[in-house]
1. Among residues other than residue 97 whose Cβ falls under 9 Å from its Cβ, what is the net charge (Lys/Arg +1, Asp/Glu -1)?
2. Could you go through region 52-61 in sequence order and give the Karplus-derived ³J(HN,Hα) for each residue, using 6.51 cos²θ - 1.76 cosθ + 1.60 with θ = phi - 60°, rounded to whole Hz, and x for Gly and Pro?
3. Please list, in chain and number order, the residues 5+ apart from residue 73 or on another chain whose amide H is under 5 Å from its amide H, with Hs placed from the backbone.
4. Which loop trypsin sites (Lys or Arg not before Pro) in region 1-104, with loop taken from DSSP, have no more than 14 other Cβ atoms within 10 angstrom of their Cβ?
5. I need the phi-derived Karplus couplings for region 78-87: 6.51 cos²θ - 1.76 cosθ + 1.60, θ = phi - 60°, integer Hz, Gly and Pro marked x.
6. Amide H neighbours of residue 49 under 5 Å, counting only residues 5+ apart in sequence or on other chains, H built in-plane at 1.01 Å?
Amino acid sequence: MLNNVVLVGNIVRDPVLRKTNTGQPVVSFRLAVNDSFRRPAPNEDKNKYTLFIDCSLFGPRAETLMKYCKRGSTIGVTGRLEADSYVGRDNLRRDTIRVRCDNFEFISRKGDERVPGAGPIDPEPTEERAETASFDINTEEDLPF
């Protein structure tokens, strides 16, 4: 069986860093992810529906995420789903599902248009960047495929 999750979204509120009993750092955060496949209710925006997904990340990467990300940061995560349950204050059993992240990547930070070396390339490059990115292919022999 395969249990693999890949998500890109915005951090909903500032991440929370804790330590496990063994002293390993763990950061918890909630990710807002757009879901374009869900059929919206009649009063909802037909083009946008947002899922709020709880995530956790362990080890040194947790400290890195805590240091550089905050509410509004856009990140990509990979990991797996974990199911858990607990008894609430009303003595009813609650089931939860969260993503246990194995890795994450910076896409942008709140207030930054683009983190250097991350995220999508500017769709309208300046002339200066366009000149350095152009290729001169004269024959079919120059094609890489």
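Computed from the coordinates by the stated procedures, all read-outs in this text should not be read as laboratory data. Model, not experiment: these values are computed from the prediction. For neighbour counting, all protein chains shown are included, and Cβ atoms are generated from backbone atoms with ideal geometry for every residue, glycine included.
1. Here the count lands on -3.
2. Along region 52-61, the couplings run 10, 10, 6, 9, 9, 9, 10, x, x, 5 Hz.
3. Those lying under 5 Å, H to H, from residue 73 are 11, 110.
4. 13, 38, 46, 48, 71, 89
5. 10, x, 9, 7, 10, 9, 8, 9, 8, 9
6. Long-range HN contacts for residue 49: 35.
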